[in-house]
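Accompanying notes for the structure given below.
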Amino acid sequence: MKKKAVGAIVTISILGIGAWFWLSERTTEVQVVPVLSKDVVEVYVATGRLNSPTVSNVGTELAGRVATVHVERGARPRAGQALVDLQPMDAKLSVQQAEARLAIAERELARTRTGPTRAQLDDAKAALSSAEATLAQTKSELARSTAMARDGVQTTAAVERAGTDVRRAESQVASAQARIAELREQPRAEDIRVAQARVTEAQANLDQTKAALGKTTITAPFDGLVTNVEADPGENVAPGQTLLTLAKTEGMEIFAEVDEDYFLRIAPGQGATLVFPSLPEERFAAKVIRVGPDVDSERGVVGIYLKPDSVPAHIVPGLTVDIAIELKRLPEARAVPRSAVVFEDSKAYVYVVEDERARRREIKVVAEGEEDLAIQAESLPISVIKNAAPITEGDAVRAKEAK
């Protein structure tokens with residue numbers, strides 16, 4: 001009985017050892033991929049925002065009342081298209097007044113150029129004759145008063161008043177003579193210059209007033225997108241008041257923030273690929289145009305600006321965009337999938353299959369593409385294990401080519 005028990009125990013022990021040995025030596029099937037020569041592009045992925053290069057707060061230079069608003073938020077007016085009309089009554093009245101002032105100045109210039117009329121000369125001569133008659137009369141009165149004063153009949157004050165009248169009459173004669181001489185000298189060049197200057201001033205005032213009348217229709221300064229409308233029909237507005245906001249859609253830029261560790265690896269001229277969340281299947285090319293000067297030292301980021309080659313017509317400023325900036329491009333590099341590389345203690349490794357065992361080989365990663373890594377090593381293997389994460393040195397493996 002005891003012999004049978006011992007035999008059973010020995011049998012069980014042998015089976016247990018065999019099972020342990022079988023389990024410990026279990027072979028893992030692994031997929032292997034060849035080390036290929038291919039272009040590897042290393043990119044930096046960031047999220048940015050589409051910005052308009054020019055945003056204009058379109059306003060009015062005149063005070064008035066809003067008559068019509070021609071656009072609404074989201075409209076895309078062309079340059080010169082009417083946006084808002086103001087009631088032009090005051091401006092029209094100002095134009096009419098300016099036209100009247102110009103007509104008066106032009107008539108005065110024409111009169112000055114033609115010289116005095118016969119009627120003007122006759123009036124001047126008549127004025128001189130009247131002044132001379134008055135002078136003769138005052139002189140006679142002065143002589144009479146003087147004689148009477150000598151006889152003691154007239155007072156000295158009366159003589160002085162008569163003398164004053166004579167001097168006033170003499171002044172009037174001199175003025176009348178000067179007026180005739182002035183008329184005979186016309187047209188004078190100086191008078192023509194003065195009259196012409198008045199016409200020029202009146203014309204400039206009319207032009208300015210007409211320009212103000214034109215400003216009662218507010219137009220788009222450029223092709224753009226209406227992002228906000230503040231004016232309402234019937235509203236009274238003041239000079240300088242914003243009526244709406246217009247953003248330029250041509251030449252839009254993208255602003256993004258990148259980790260400051262990449263500051264020296266990103267420079268103007270580098271290419272990038274854009275993906276708009278609303279168009280995930282489409283790709284748009286762009287280039288970096290500026291790096292900095294926006295720096296946030298607390299967050300450790302640097303602002304960069306990119307210019308897309310083109311964007312969809314319906315895209316608007318403010319939209320989010322995913323960016324992949326090309327940092328490095330290695331043509332015909334030796335490359336393996338990302339999953340084939342493991343990192344330990346700042347070193348990189350791949351696993352190869354030798355004699356049905358996994359063997360670790362140290363490599364150097366020289367560029368990180370979106371799916372592949374470009375690698376270098378003293379002796380590059382022909383193929384590597386595709387999914388290296390669960391593998392350890394010496395594992396029993398059975399290679400199978402990955403599809």
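The values are calculated or read from the model by the stated rules, or taken from the named source; none is laboratory data. Since we're looking at a predicted model, the values are computed, not measured. A quick note on method: Cβ atoms are made from the backbone with ideal geometry, for glycine too, and the neighbour counts reach across all protein chains shown.
Give me the pairs: first residue in segment 277-299 and touching a residue at least 24 places away in the same chain (Cβ under 8 Å) and under 22 Å from residue 267 (Cβ atoms), second residue surrounded by 15 or more Cβ atoms within 10 Å (Cβ to Cβ) and among the polar types (S, T, N, Q), beta-carbon distance under 7 Å, and six or more apart or on different chains, which are they?
285/273; 288/270
Please pick out the residue among 371, 356 that is more than 36 Å from the chain's Cα centre (by Cα) and at pLDDT below 90.
That would be 371, the only listed residue that is more than 36 Å from the chain's Cα centre (by Cα) and at pLDDT below 90.
Got a sec? Which of 186, 137, 177 is under 60 Å from the mean Cα position of the chain (by Cα), surrounded by fewer than 17 Cβ atoms within 10 Å (Cβ to Cβ) and not basic (Lys, Arg)?
186
Just one of 153, 69 is modelled with pLDDT of 90 or more and on the phi < 0 side of the Ramachandran plot; which is it?
Going through 153, 69 in turn, just one is modelled with pLDDT of 90 or more and on the phi < 0 side of the Ramachandran plot: 69.
Pick from segment 313-341 the residues that are in the same structural domain as residue 265 (by TED's automatic domain parsing) and in a loop (DSSP other than H, G, I, E, B): which of them is nearest to residue 361 (Cα to Cα)?
Here the residue is 319.
Among the residues of segment 138-146, is there at least one that is of a type in the set (A, V, I, L, M), in the same structural domain as residue 192 (by TED's automatic domain parsing) and outside any helix (DSSP H, G or I)?
No; the residues of segment 138-146 include none that is of a type in the set (A, V, I, L, M), in the same structural domain as residue 192 (by TED's automatic domain parsing) and outside any helix (DSSP H, G or I).
Residues 124, 169: which one is buried (at least 17 other Cβ atoms within 10 Å of the Cβ), free of Cβ contacts under 8 Å to residues at least 40 places away in the same chain, part of a helix (DSSP H, G or I) and not hydroxyl-bearing (Ser, Thr, Tyr)?
After applying the criteria, what remains is 169.
Can we say residue 401 is surrounded by 11 or more Cβ atoms within 10 Å (Cβ to Cβ) and acidic (Asp, Glu)?
Answer is no for this residue.
Does residue 190 satisfy the criteria of being free of Cβ contacts under 8 Å to residues at least 24 places away in the same chain and assigned by TED's automatic domain parsing to the domain that holds residue 114?
yes
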